[in-house]
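Contents: one structure, followed by commentary.
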Amino acid sequence: MIQLKMVEIDEKQVFAIIAKAKESGSIKIGVNEVTKAIERGQAKLVVAANDVSPAEIIAHLEGLSSEMKAVYAAAGSKAELGAAVGLKTTTAIAVTDAGAAKKDLEALVASMAEEKTEEVKTEEVAEEVAEEVKTEEKTEEKSE
């Protein structure tokens with residue numbers, strides 16, 4: 001299985017989706033609530049702050065999100081993430097019902113999927129080139 005790297009996202013777009021979802025849909029705030037939402041299959045989008053310390057607090061969210069088919073993004077600081085939902089700070093947010101932000105969320109997911117697809121293709125090409133180089137090196141060693 002190929003391990004995908006984090007794709008770049010537009011943080012403003014993510015925060016706008018969170019704000020809309022808070023007004024017209026449903027969100028979960030905080031690591032414990034977010035973890036429960038993911039485990040129950042309710043989370044559509046999971047966003048964790050980039051400056052959580054120690055990182056182990058949110059380390060499980062990305063893997064769990066992937067396992068449960070929820071979109072995961074690391075965006076902004078705890079203060080920026082908190083401001084998106086009207087709090088001073090928060091470490092993680094899950095959008096469980098996007099409400100009026102449904103189309104925005106779908107567009108974000110599509111753009112992230114497109115970037116991951118391009119990244120996988122790039123990694124596959126890199127693996128093929130590495131194999132060719134190894135084969136050429138072995139051939140050169142045998143001919144010497």
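The values are calculated or read from the model by the stated rules, or taken from the named source; none is laboratory data. Please read all numbers here as calculations on a predicted model, not as lab measurements. FYI the Cβ positions are ideal-geometry reconstructions off the backbone, even for glycines, and counts take in every protein chain you see.
Against the conditions (1) more than 20 Å from LYS88 (Cα to Cα); (2) modelled with pLDDT under 90; (3) buried (at least 16 other Cβ atoms within 10 Å of the Cβ); (4) not aromatic (Phe, Trp, Tyr), GLU11 satisfies every one except (1). Regarding segment 9-26, can at least one residue be identified that is assigned to a strand (DSSP E or B), in contact with a Leu (Cβ under 9 Å, 6 or more places away or on another chain) and of a type in the set (A, V, I, L, M)? So far as segment 9-26 goes, no, none of its residues is assigned to a strand (DSSP E or B), in contact with a Leu (Cβ under 9 Å, 6 or more places away or on another chain) and of a type in the set (A, V, I, L, M). The residues of segment 68-100 that are in contact with a Ser or Thr (Cβ under 6 Å, 6 or more places away or on another chain) and farther than 21 Å from GLY25 by Cβ, listed by number, are LYS78, ALA79.
Evaluate the following for ALA16: is it at pLDDT below 90, closer than 14 Å to ALA94 by Cα and not β-branched (Val, Ile, Thr)? For ALA16, the condition - at pLDDT below 90, closer than 14 Å to ALA94 by Cα and not β-branched (Val, Ile, Thr) - is met.
Residues checked against (1) at pLDDT 85 or above; (2) farther than 18 Å from GLU33 by Cα; (3) touching a helix residue (DSSP H, G or I) at 6+ places or on another chain (Cβ under 9 Å); (4) not in a helix (DSSP H, G or I):
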| site | (1), (2), (3), (4) |
| --- | --- |
| LYS88 | yes, no, yes, yes |
| LYS103 | yes, yes, no, no |
| GLU114 | no, yes, no, no |
| GLU119 | no, yes, no, no |
| ALA126 | no, yes, no, no |
| VAL129 | no, yes, no, no |
| THR139 | no, yes, no, no |
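The residues of segment 46-67 that are buried (at least 16 other Cβ atoms within 10 Å of the Cβ), farther than 13 Å from GLY30 by Cα and hydrophobic (A, V, I, L, M, F, W, C) amount to a single one, LEU64. Of all residues in segment 38-53, none satisfies being part of a helix (DSSP H, G or I) and modelled with pLDDT under 90.
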